[in-house]
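Step one of this worksheet: look at the structure below.
The values are calculated or read from the model by the stated rules, or taken from the named source; none is laboratory data. What you see is a predicted model, and the numbers here were worked out from it, not measured in a lab. Reconstructed Cβ throughout: ideal geometry from the backbone, glycine too, with neighbour counts over all protein chains shown.
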Protein chains: 2
Amino acid sequence: MTIKRVAIVGLGLLGGSLGLALKEYCPDIVTTGYDSDPETRRRAAERGLAGTICESASGAVAEADLVVMCVPVGAMGAVATEIADALPRQAIVSDVGSSKASIHAAISAALPEHIVIPAHPVAGTEQSGPDAGFASLFQHRWCILTPPDDVPEEAVAALRTLWEALGAEVEIMSAEHHDLVLAVTSHLPHLIAYTIVGTASDLEDVTRGEVIKYSAGGFRDFTRIAASDPTMWRDVFLSNKDAVLEMLQVFSEDLTRLQRAIRRDDGDALFELFSKTRAIRRGIIEMGQDDARPDFGRSDHEG
Amino acid sequence: MTIKRVAIVGLGLLGGSLGLALKEYCPDIVTTGYDSDPETRRRAAERGLAGTICESASGAVAEADLVVMCVPVGAMGAVATEIADALPRQAIVSDVGSSKASIHAAISAALPEHIVIPAHPVAGTEQSGPDAGFASLFQHRWCILTPPDDVPEEAVAALRTLWEALGAEVEIMSAEHHDLVLAVTSHLPHLIAYTIVGTASDLEDVTRGEVIKYSAGGFRDFTRIAASDPTMWRDVFLSNKDAVLEMLQVFSEDLTRLQRAIRRDDGDALFELFSKTRAIRRGIIEMGQDDARPDFGRSDHEG
């Protein structure tokens with residue numbers, strides 16, 4: 001089973017990057033693209049985010065071996081319904097959404113006869129829209145596939161080969177485990193970042209101008225994450241509700257413990273936690289999952 | 001009043017950067033340096049972090065017009081006591097600590113006859129020690145001075161001129177207001193980052209290896225902040241306890257509200273908050289307080 005024609009539905013950061021990456025690293029693959037927003041389709045055509053930009057989702061998928069849905073998590077079911085009649089029977093259906101169990105349920109309900117292999121490339125930036133994508137987004141990043149048990153192995157292998165060709169390393173796990181892991185490594189960090197930026201912008205005694213001015217003390221890192229696409233993230237939290245709430249509960253308990261340590265002047269407890277957390281950073285650097293330069297290399301740029 | 005001789009006590013990231021910046025931008029100023037750790041003194045001499053590296057704090061300050069204490073907040077009082085006898089009567093005493101009211105109290109108690117002008121350059125990276133500093137650290141960053149009312153204006157002006165020569169923009173406010181502003185823009189973000197990294201490293205259902213592997217979804221940004229110097233940050237939280245606990249309280253209430261919105265599937269509330277937080281990011285970029293490139297420019301580097 002070889003994938004020769006890929007349809008991309010949704011041409012924002014992820015969909016656009018997928019199209020550009022396919023053009024760059026798999027030039028033999030024919031790509032079609034569609035986005036429900038006419039302005040996005042226009043920009044997508046200008047930037048060449050797909051070989052052909054179609055005027056309907058049905059038109060884009062009509063000859064596809066693989067459809068990759070790159071729309072907000074909450075829109076997956078509706079897109080699947082929209083393409084159901086036009087989609088070739090043997091086509092593989094996949095996506096790039098940040099939660100997996102609920103997406104799989106929504107797509108399978110709309111396309112019960114198709115092979116559905118949910119996927120999540122763990123890559124992105126805080127930017128969104130048709131101008132945000134770039135071909136190297138998936139290089140050295142993980143792409144998690146969560147194939148249900150009844151999916152043919154060769155279909156999974158074909159999808160794996162495709163993502164590997166784009167520079168990603170592929171990992172396979174259950175949708176449920178994915179949702180728990182990403183709740184910690186992605187969803188909770190976003191929730192916390194959105195909260196603290198919201199907190200800081202509504203204070204009585206400190207103005208918003210001061211918050212902006214003195215943000216280099218740590219706050220600015222959170223604002224980058226909290227500048228991510230609001231629709232996408234609203235959908236992520238609602239679709240992975242249970243795992244997110246579970247992780248939030250653990251976090252809140254840990255925060256209460258730290259609060260108590262400060263209140264009681266328990267410097268040893270603070271020092272112990274602050275020393276432990278350095279090891280994780282080292283692991284991330286060693287695994288090549290972040291830039292080792294101090295301050296993400298920002299100071300090089302500024303200096 | 002002109003500052004011609006600067007003594008730097010503590011030669012880590014901030015002290016070392018101060019020494020290198022003085023050498024680069026104020027070559028006529030004579031610098032002396034001291035660190036209580038012999039190994040740090042050795043490296044400081046190799047890197048030329050100060051013109052002369054002395055074997056005692058008293059030796060370093062003996063002829064200074066200005067002493068800048070670059071030690072953890074909790075050590076300021078002890079250092080001030082240590083230099084009290086050797087310090088010239090007319091020397092200005094300053095520091096680079098992240099909280100100001102408690103530092104001012106500690107230094108003034110030990111040096112009641114001296115001009116004390118607490119300072120806080122809002123700049124840094126997650127690295128520490130004598131190898132971490134660089135001359136351009138303060139370029140385009142704010143430096144907040146919190147002079148008490150009874151300090152001579154010309155002393156404040158001299159210190160301002162010095163920081164401006166190193167590339168910083170100087171702002172003056174009360175120590176109390178500083179401590180409140182920084183509690184939001186720096187201390188709370190660090191506390192939250194330390195907490196979430198701790199939470200993630202101690203989970204039952206998700207391994208530490210998985211957390212590291214999939215950290216690019218947002219988590220890795222927090223690990224950078226949570227890799228900051230443990231001693232420094234322990235002291236910051238204990239010395240700015242009231243303001244930190246106050247901000248933490250507001251944050252916790254906001255987090256509870258968001259938790260409730262997720263539990264109740266209130267997508268509108270989530271969308272509203274997530275849209276609002278983008279404005280702050282725009283303000284930070286427009287003010288030149290962060291790198292405008294997506295992902296802090298990391299993707300350029302990786303790609």
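Quick grid of which residues meet (1) more than 7 Å from chain A (Cβ to nearest Cβ); (2) surrounded by 23 or more Cβ atoms within 10 Å (Cβ to Cβ); (3) assigned to a loop (DSSP other than H, G, I, E, B); (4) touching a helix residue (DSSP H, G or I) at 6+ places or on another chain (Cβ under 7 Å):
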residue	(1), (2), (3), (4)
B:VAL197	no, yes, no, yes
B:ASP205	no, no, yes, yes
B:GLY209	yes, no, no, no
B:SER228	yes, yes, yes, yes
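The strands (runs of 3 or more DSSP E) found entirely in segment A:1-96 that carry 3 or more residues being touching a residue at least 60 places away in the same chain (Cβ under 8 Å) and closer than 23 Å to A:ALA158 by Cα are A:5-9, A:66-69.
Checking each residue in segment B:98-119 for being within 18 Å of B:VAL170 (Cβ to Cβ) and either in contact with a Ser or Thr (Cβ under 6 Å, 6 or more places away or on another chain) or without any contact (Cβ under 8 Å) to a residue 60 or more places away in the chain (or both) picks out B:LYS100, B:ILE115, B:VAL116, B:ILE117, B:PRO118, B:ALA119. Would segment A:141-157 turn up any residue that is within 15 Å of the chain's Cα centre (by Cα) and either farther than 27 Å from B:THR207 by Cα or among the charged types (D, E, K, R) (or both)? Looking through segment A:141-157, at least one residue is within 15 Å of the chain's Cα centre (by Cα) and either farther than 27 Å from B:THR207 by Cα or among the charged types (D, E, K, R) (or both).
Yes/no per residue for (1) surrounded by fewer than 20 Cβ atoms within 10 Å (Cβ to Cβ); (2) more than 8 Å from chain A (Cβ to nearest Cβ); (3) within 30 Å of B:SER102 (Cβ to Cβ); (4) in contact with a helix residue (DSSP H, G or I) (Cβ under 7 Å, 6 or more places away or on another chain):
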position	(1), (2), (3), (4)
B:MET247	no, no, yes, yes
B:ARG257	yes, yes, no, no
B:ASP268	yes, yes, no, no
B:PHE274	no, no, no, yes
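When you look at A:ALA91, is it closer than 20 Å to A:GLY19 by Cβ and modelled with pLDDT of 95 or more, yes or no? The answer is yes for A:ALA91.
Quick check on my filter: what residues within segment A:158-168 are at negative phi and either among the small types (Gly, Ala, Ser) or over 15 Å from the mean Cα position of the chain (by Cα) (or both)? Spell out the reasoning first.
Taking segment A:158-168 as the starting set, the residues that turn out to be at negative phi are A:158-166, A:168.
Within segment A:158-168, A:ALA158, A:LEU159, A:ARG160, A:THR161, A:LEU162, A:GLU164, A:ALA165, A:LEU166, A:ALA168 qualify.
Within segment B:107-129, the set of residues being assigned to a loop (DSSP other than H, G, I, E, B) and more than 14 Å from chain A (Cβ to nearest Cβ) comprises B:LEU111, B:PRO112, B:GLU113, B:HIS114, B:ILE117, B:PRO118. Against the conditions (1) surrounded by fewer than 21 Cβ atoms within 10 Å (Cβ to Cβ); (2) of a type outside the set (Gly, Ala, Ser); (3) touching a residue at least 40 places away in the same chain (Cβ under 8 Å); (4) more than 7 Å from every other protein chain (Cβ to nearest Cβ), B:ASP235 satisfies every one except (1). From the list A:LEU188, A:LEU180, the one residue that fits, being facing another protein chain (nearest Cβ under 7 Å) and more than 15 Å from B:ALA193 (Cβ to Cβ), is A:LEU180. Kindly establish whether B:GLU82 is touching a Ser or Thr at 6+ places or on another chain (Cβ under 8 Å), farther than 30 Å from A:GLY297 by Cα and of a type in the set (D, E, K, R). When the stated conditions are applied, B:GLU82 passes them. Go through the residues of segment A:260-267 one by one and say whether even a single one is under 25 Å from the mean Cα position of the chain (by Cα) and outside the structural domain of A:GLN139 (by TED's automatic domain parsing). No, segment A:260-267 has no match at all.
Looking at A:ASP242, A:ASP265, just one residue is over 21 Å from B:ARG224 (Cα atoms) and part of a loop (DSSP other than H, G, I, E, B), and that residue is A:ASP265.
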